[in-house]
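Novice: Here it is: the structure, laid out below.
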Amino acid sequence: MVGRSFLDLGLLSQEQIPIVAARLEAKTEGKAAGSDEYTIKTRNGTCLTLEVKSFPIRIENRTLVLGVARAITDRKLAEKQAEEHREHLFHVSRLSTLGEMASGLAHELNQPLSALLSYANASQRSLGHADRDVERLRANLDQVVSQARRAGEIVKRVRAFAQRRPPVLHPTNINEIVRETLAFLHFEMVHKEIQVVLDLGESLPRVLADAIQLEQALLNLVRNAIEAMETTEPSERRLTIRTAAAAPGMVKVTVSDTGAGLPPEIQGRVFDSFFTTKPDGLGIGLSITRTLIELHRGQLWIEPGKGPGCTFAFTLPAALEDSTVPRGD
C-alpha cells in the first residue's frame, strides 16, 4: 500500500471512486472538512465500514490529505438492529391502537355500507316499475358510487396506518395530518360527546415528515386527551388543536383537553417508558410519541396550564419543497 493512491488499492467499488476522488480534491482545496464513511471490500470478500477523518496538510510545497480511518462495522450493524427494533415497536403500537379503536372503525365502515345497501335496494325496486323514474334511479346510483368510495377511503386509511414499510420523509401539510387523525377518531368523539375546536393556521410551510408516523404521534396525543376527559362533564369536554408558525422555519402544534390535568410532580415523568397513570396502561404511548417527534427533528413538551386540563405541544422544522429523504440518511 505504501506509495500508492487510496483510489488505486482496489478497496473501493467503481461507483465509489469518482465520489471519493471529488471529496479528496475538495479537502486538498480546503473546501470540505469533517469525516466521511466508506464501505470497502477486503481481499477475503468481507465488507467493512470505515469512518475516515481527513484534512489537508502541506509538505514540501505539496498539499496532501492526511486521513485517520476507524472501522465502525459493528457500530453500524448495532444501529441498524436498533432502528429495526424501533420500527417494529412503532408498528406494534399502531396495531395496538387500531385494536383499541376497532369498534369505532367498524361503526364508521358500517355507515357507508348500510347507505350503499339502501340505495342499491331502492334502485332495484325502481327497475321493477314500468314507469320507473330514470332521474331518481340515476341519483340513487350516484349515491351508491359515493358511499362505496367513502367505504373504500376508510379501508384505505386503516390499511395505510397498519402497513409496515420503511419510513420516508416528504414535505407534508400538517393541517391535513390533523384532519386525517380526527377522521380516525370521529365516532369515538361523537360517542363521548367531545366538542372539537380547530384553530389551524393558514399558509403554513410544509414539514418534512413521514405522514403515517406523524399521524401516529398525533393520534396518541388526541387519544390521551379523550381518555383524560372521561370524568369531565359531557358539556365541558372540549378538544382543541392548534397549528401555527413558531420560530423561523418551525411549525408548532398544540393539543389541549379539559380533563383533570397532570399534577406538577409527575409532569417530568410522563415521557418515561413504562410510566403511566392509567390502571391498565402500558406507559409507552407518550414515550413513543416523543421518539417519533424527535426523529422528525422536533421537540415535544407539556405547556404550563392556563386552565383546566392539559396541553401538549410540539414543533417540527419546515421542509424544503423538494425534500424527500429516506429516514436515517
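Novice: Starting from residues that are closer than 24 Å to ARG75 by Cα and outside any loop (DSSP other than H, G, I, E, B), keep the ones in the range 3-16 and report whichever is modelled with the lowest pLDDT.
Specialist: Of everything passing the filter in the range 3-16, PHE6 is modelled with the lowest pLDDT.
Novice: For ARG75, which of the numbered conditions (1) over 18 Å from GLY3 (Cα atoms); (2) not in a helix (DSSP H, G or I) fails to hold?
Specialist: So ARG75 meets the others, but not (2).
Novice: Show the residue pairs that are 6+ apart or on different chains and have beta-carbon atoms under 9 Å apart, the first residue being within the range 1-29 and more than 17 Å from LYS41 (Cβ to Cβ), the second being of a type in the set (Asp, Glu) and not in a helix (DSSP H, G or I).
Specialist: ARG23/ASP36
Novice: If I go through the range 244-265 residue by residue, how many of them are crowded, with 21+ Cβ neighbours inside 10 Å and within 21 Å of the chain's Cα centre (by Cα)? Can you show your working first?
Specialist: Step one: list which residues in the range 244-265 are crowded, with 21+ Cβ neighbours inside 10 Å, which gives 251, 253, 255-259.
Next, only the ones that are within 21 Å of the chain's Cα centre (by Cα) stay: 251, 253, 255-256.
Residues meeting the conditions: 4.
Novice: Related question: Please tell me if VAL190 is more than 22 Å from LEU316 (Cα to Cα) and modelled with pLDDT of 90 or more.
Specialist: no
Novice: I'm checking my understanding of the structure. Among residues of the range 20-48 that are loosely packed, with under 13 Cβ neighbours inside 10 Å and not in a loop (DSSP other than H, G, I, E, B), which one is modelled with the lowest pLDDT? Let's see the steps before the verdict.
Specialist: Here is the first cut: in the range 20-48, the residues loosely packed, with under 13 Cβ neighbours inside 10 Å are 22, 25, 29-31, 33-34, 37, 42-47.
Those left that are additionally not in a loop (DSSP other than H, G, I, E, B): 22, 25, 37, 47.
Numbers: ALA22: 85, GLU25: 79, GLU37: 83, CYS47: 83.
Among those residues, the one meeting the criterion is GLU25.
The values are calculated or read from the model by the stated rules, or taken from the named source; none is laboratory data. Bear in mind that the values here come from a model prediction, so they are computed numbers and not experimental data. Don't worry about glycine lacking a Cβ; one is built from the backbone with ideal geometry, like all the others, and counts go over all protein chains shown.
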